[in-house]
Each structure stands twice: as C-alpha cells, then as structure tokens.
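The values are calculated or read from the model by the stated rules, or taken from the named source; none is laboratory data. Given the structure is predicted, the values throughout are model-derived calculations rather than measurements. Neighbour counts are summed over all protein chains in view; Cβ atoms, including those assigned to glycine, are modelled from backbone coordinates with ideal geometry.
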Amino acid sequence: MIRLVSILLLVAGVPLFASDAFQILSQAQVGGAGVFLDEIVTSTNAAVPHVRVAASPRLGQATLLSRKQIETILSHTADVAFTNCTGSEQVRITRRVRSLDEEELKLLLTATLQNDVIKDRGELELRISRPWITASVPDEPLTLKILDLPTTGLSALFVCRFELSTMNETVGTWQVSLNAKLWREVLVSRTALRRGTLLADADLIRERRDVLSVRDALADFNVADASIETAEYIAPNVPLLVRSLKVKPAVRRGQSADALVVDGALAISLKVEVLEDGIPGQTIRVRNPQSKRELRGKVQNEQSILVTL
C-alpha cells in the first residue's frame, strides 16, 4: 500500500518523504496488543505505518528498541528512503496504565455478581468494607472474574476473591471484604394473618426491602386473586413466602361432599366425609360414613368427588 502511495506521488510530481522524516522517540507507552511502529516513531511529513513490531512489555516492565532495530523494521515495512531516522538512539517502551479506584472496582464487582450470582432475584448493592488501596492496571477495558465466594452464598458481610484481566493478559488477583444488600419489592401484610386467610381480604402492600437474608422463594401474585390463602400463620410486616401460601381448597377436611363411585359399568352416588383439603384435579382421601371405608377420589369441584374403584 505504501509503495502504491509513493508511485502515485511521483506521478503527481510530489517529492517523496525526506530521509529525516522519521524521528525515534526516547520513551513510548503502548497497550497490551503489541508495540506498533506509529507509537515509537513520529514524522512531520509522512504517515507512519501502523505495523506491529514487537510484543508488549509486561505490566511494570520495560522493553528497549535501538535505532538499528527500528531502521531494520522500517526497511521491511516502508520505502527504502524511510530507513534513515533521527531522534533517540533507543526507545524505552512501557505499558499505558491507569489507577483502579474503589468506585470503579465496586461497579465491576456489582455488575459481575449481579449477572453471575444474583441474576433476577433483586438489585445488588455493594460497599467495600475496608479501604481499597488504589491499584495500577492497564489502561484498557477490564474483565472481572469471581474466583471464590462463601459456600453459603452472599450475606450481609462476606469475602470475595477475584481476578482482573484484559483481552490479552491476566492483570492479577485480589481479595476484598464486602457489605451487601439485595433490594427488591416484596409483598407484606400490615397485620398478622391466620392460617386459611384469603389474601384478597388481607391488608397487603408492596415495599422495597433488603431480602439478602431471605433464603426461601418470595411470593409474587395478583393481590386481588381470590383463590390464594395462607398455609400457615404469617406475622405482620414480614415478606410473604411461596411456602406460606396455597391455592384455596375446593373441599376442606371434615366437610361432606357428593361422591360418584365408579366400578366398571356400575356407578353410584353417595355422601362421603372429606379427610383432607383438595383443589380441583387433586386426588384426596374420603370416607364412606356408613361403612367407615376409606376411598381415594379426584376433586371435581366444591361439592363433587369422583371415586374409581
């Protein structure tokens, strides 16, 4: 491409670049992808090719390139007239770095834990509980990988070990102590609820709560749904849990219901005593009050049970 540009300039009557067009820098900073020619050589009247000439030095180390090495590189990448360079006899090459402060680290940790651990269970809020010593890291996009967490999961105070890396290298590993909260809108009752209370009749509100310590599944439903009731006593102002709720039974233990008993082609109707709560489609135990025999039948509706012998 460069030779093509040179030919076009000659045809147009424009003189080629002077032999002293390229100046070698005494110092240069590069990224992790490698050392490129236009990062260590400048020119006042020529475009320096963006050619990778060496691997990047490791973070905290330096690489030295002499004028002879650079002229050799130029001779293979550009016009022969470009080989005579001025400037420094050698260039000292180091990595571009920046400071990783506490706020940026907190954002990286929060985003990674939210995506990998918390997912859709709520909005994670973190605070680094001990002062973070600002670290020097490559001036490139960083990726954070969680290496170690408590076996019991996240808690209000926990220790996290993590690794930082760029696209080309691992930067290092660190360990921090974190305070955490997990915010989510939850349903709570302002009053105590007895077992069997219809939630459509309860005084329920939605509140934003820290639910990090809640290990059971949180309930979320239409508060106007008249088919849901409490399965146990619920104290006031505590988040409602899935295990604390159940679908309102169509039949309840102790009540009398109509049963259709089918035995092949024979079908008879009789009254039975319901021995356990049941919803439509559920198989429950019932008792014939005359013979005291226990049977099993499928709940059809609030008054009907199908018993197949």
(message) Residue pairs, Cβ under 6 Å, 6 or more apart or interchain, first in region 107-129 and under 21 Å from Ala219 (Cα atoms), second in a helix (DSSP H, G or I) and not β-branched (Val, Ile, Thr). List them.
(response) Leu124/Leu113; Leu124/Gln114
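Table: residues versus (1) touching a helix residue (DSSP H, G or I) at 6+ places or on another chain (Cβ under 7 Å); (2) at pLDDT 90 or above; (3) among the β-branched types (Val, Ile, Thr); (4) within 25 Å of Asp139 (Cβ to Cβ).
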{"site": "Leu37", "(1), (2), (3), (4)": "yes, no, no, yes"}
{"site": "His50", "(1), (2), (3), (4)": "yes, no, no, yes"}
{"site": "Ala55", "(1), (2), (3), (4)": "no, yes, no, yes"}
{"site": "Leu64", "(1), (2), (3), (4)": "no, yes, no, yes"}
{"site": "Glu71", "(1), (2), (3), (4)": "no, no, no, no"}
{"site": "Asp79", "(1), (2), (3), (4)": "yes, no, no, no"}
(message) Return the residues of region 264-281 that are touching a strand residue (DSSP E or B) at 6+ places or on another chain (Cβ under 6 Å), surrounded by 15 or more Cβ atoms within 10 Å (Cβ to Cβ) and over 14 Å from Leu309 (Cβ atoms); say none if nothing qualifies.
(response) Glu273, Val274, Leu275, Gly278
(message) Under 6 Å between Cβ atoms, which residue pairs at least 6 apart in sequence (or on different chains) link something in region 187-206 that is closer than 17 Å to Val247 by Cβ with a partner that is assigned to a loop (DSSP other than H, G, I, E, B) and acidic (Asp, Glu)?
(response) Arg195/Glu232
(message) Taking the conditions exactly as written (over 37 Å from the mean Cα position of the chain (by Cα) and outside any strand (DSSP E or B)), does Asp38 satisfy them or not?
(response) yes
(message) When the residues of region 99-128 are narrowed to those that are more than 16 Å from Phe162 (Cα to Cα) and within 14 Å of the chain's Cα centre (by Cα), which ends up surrounded by the fewest Cβ atoms within 10 Å (Cβ to Cβ)?
(response) Asp120
(message) Regarding region 191-206, can at least one residue be identified that is assigned to a loop (DSSP other than H, G, I, E, B) and at positive phi?
(response) yes
(request) Check whether at least one residue in region 150-157 is surrounded by 17 or more Cβ atoms within 10 Å (Cβ to Cβ), closer than 24 Å to Val211 by Cα and within 15 Å of the chain's Cα centre (by Cα), and report yes or no. (result) yes
(request) Spot the failing condition for Arg96; the list is (1) over 18 Å from the mean Cα position of the chain (by Cα); (2) farther than 19 Å from Ile40 by Cα; (3) of a type in the set (D, E, K, R), and only one is missed. (result) (2)
(message) Filter region 103-126 down to the residues that are of a type in the set (A, V, I, L, M) and part of a helix (DSSP H, G or I) and list them by number.
(response) Leu105, Leu107, Leu108, Leu109, Ala111, Leu113, Val117, Ile118
(request) Scan region 285-304 residue by residue and report those that are crowded, with 16+ Cβ neighbours inside 10 Å and either of a type in the set (Ser, Thr, Tyr) or out of contact with any Pro (no Cβ under 9 Å at 6 or more places or on another chain) (or both). (result) Val286, Asn288, Leu295, Gly297, Ser304
(request) Of all residues in region 42-67, count the ones that are more than 25 Å from Glu169 (Cβ to Cβ) and not in a loop (DSSP other than H, G, I, E, B). (result) 4
(request) Report, by residue number, each residue of region 207-219 that is in a loop (DSSP other than H, G, I, E, B) and touching a Leu at 6+ places or on another chain (Cβ under 7 Å). (result) Val211, Leu212, Asp216, Ala217, Ala219
